[in-house]
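Undergrad: Below is the structure I would like to discuss, written out as structure tokens.
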Amino acid sequence: MRPLIAANWKMHGSLDWDQKPAKFDKFLPASKRQQLDILICAPTLYSVPLLSAAKAYDIHIGAQNCHSADSGAHTGEISAKMLAGAGLSYVITGHSERRAAAETDIDVQEKASAALRHGLTPIICVGESLAEREAGQAMQIVSAQLKHSLPTHDGEIVIAYEPIWAIGTGKTPTLSDISAMHDHIRTAVGEGVRLLYGGSVKPANAKGILAIENVNGALIGGASLEMESLSLIAKAALS
Ligand code: PGA
């Protein structure tokens, strides 16, 4: 399956980060870039200038969240329809940092469905807490999240497995734990869905993680802010 290397810039950056795609090009030439999908999910404010800057380099631009309604009295929100209308192609839904701020499985399902209705590919995040892993409940938790947060609308989806305790901590599950979870998710969602691993992916561990059979790419936070480290992770997906 064609790998997807997805950057999640979270609440980082500034308007002049539209220069990042050109920098990325220097680290990963077009011949290599064409073998995989590169995506940057930037703060929404920066995504439009970034979109025009990224076009020349075949880099997709996405968002980090959307509202499930197309429009309405929802102060501070942005709809999947607006994102799609602006030319974005992906949206992250249900990131654990948003689930922690009270976003439920049903919210995630509605957002992912809205994304598909408007032609965006949702990247649906799932993952267990440390306490849940230590209690041996990781697979059960992820199964329940999948059951309730998958969209009701047909179309291309991506699933990102991000153990909460691995995000931004420098800790990762063992390769065999990642492999077991991805096999579990594959059984639940079937073939043809790209499964990303996320949580402290760095150039140093990317090769091992991306070589796992049911890992079809990565969702990267901290290491995606610098184009050199993002490109090293992308290269690891190709080898
Ligand atoms: P991290 O974040 O790579 O900084 O751990 C991943 C994510 O939150 O998507």
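Please treat every number below as a calculation from the coordinates, not as lab data. Source: prediction; values computed, not measured. Here Cβ is always computed from backbone atoms with ideal geometry, including for glycine, and neighbour counts include all displayed protein chains.
Undergrad: Which lysines, on any chain, are close to LYS81 with Cα under 22 Å apart, when same-chain ones fewer than 8 places away are left out?
TA: Correct list for LYS81: LYS10, LYS55, LYS111.
Undergrad: Also, I was wondering about something else. Return the whole-Å distance between the Cα centroid of the range 70-144 and the Cα centroid of the range 153-226.
TA: So the separation of the two Cα centres works out to 16 Å.
Undergrad: Related question: Got a sec? Charge dipole of the range 1-73, +1 on Cβ for Lys and Arg, -1 for Asp and Glu; which of TRP17, ALA42, PRO29 is way out at the positive end?
TA: So the residue furthest toward the plus end is PRO29.
Undergrad: OK, next. Can you give the Rg to Rh ratio for the chain, taking only C-alpha atoms and Rh from Kirkwood?
TA: Expressed as Rg/Rh, it is 0.94.
Undergrad: Hey, another quick one. So what is the relative contact order for the range 1-138, in percent, with contacts set as C-alpha pairs under 8 Å and at least six apart?
TA: The value is 20 percent.
Undergrad: Per-residue ellipticity at 222 nm for the chain, helices alone: DSSP H runs ≥ 4 residues times -39500 (n - 2.57), over residue total, nearest 500 deg cm²/dmol?
TA: -11500 deg cm²/dmol
Undergrad: Give me, ordered by chain and number, the residues 5 or more places off VAL91 or on other chains with an amide H under 5 Å from its own placed amide H.
TA: Here ALA63, THR121, ILE123 satisfy the definition.
Undergrad: Full-extension gain between GLU191 and LEU45, please, as 0.36 nm times their residue separation minus the C-alpha to C-alpha distance.
TA: Length gained, GLU191 through LEU45: 49.1 nm.
Undergrad: Based on the mean of other Cβ atoms within 10 Å per residue, sort peptides 105-117, 70-82 so the most packed one is first.
TA: 105-117, 70-82
Undergrad: A further question follows. Could you tell me the relative contact order of the range 197-239? Use alpha-carbon pairs under 8 Å, at least six residues apart, and round to a whole percent.
TA: 49 percent
Undergrad: Mind ordering 178-187, 160-169 by average Cβ neighbours within 10 Å, highest first?
TA: Answer by packing, highest mean first, reads 160-169, 178-187.
Undergrad: Which whole-Hz ³J(HN,Hα) couplings does the range 57-69 yield from phi under the Karplus relation 6.51 cos²θ - 1.76 cosθ + 1.60, θ = phi - 60°, glycine and proline marked x?
TA: Rounded to whole hertz, the list is 10, 6, 9, 7, 10, x, 10, 9, 5, 8, 9, 7, 7.
Undergrad: Another question, then. If amide hydrogens are placed 1.01 Å from N in the peptide plane, which non-local residues have theirs closer than 5 Å to the one on ALA160?
TA: ILE124, CYS125, VAL126, LEU196
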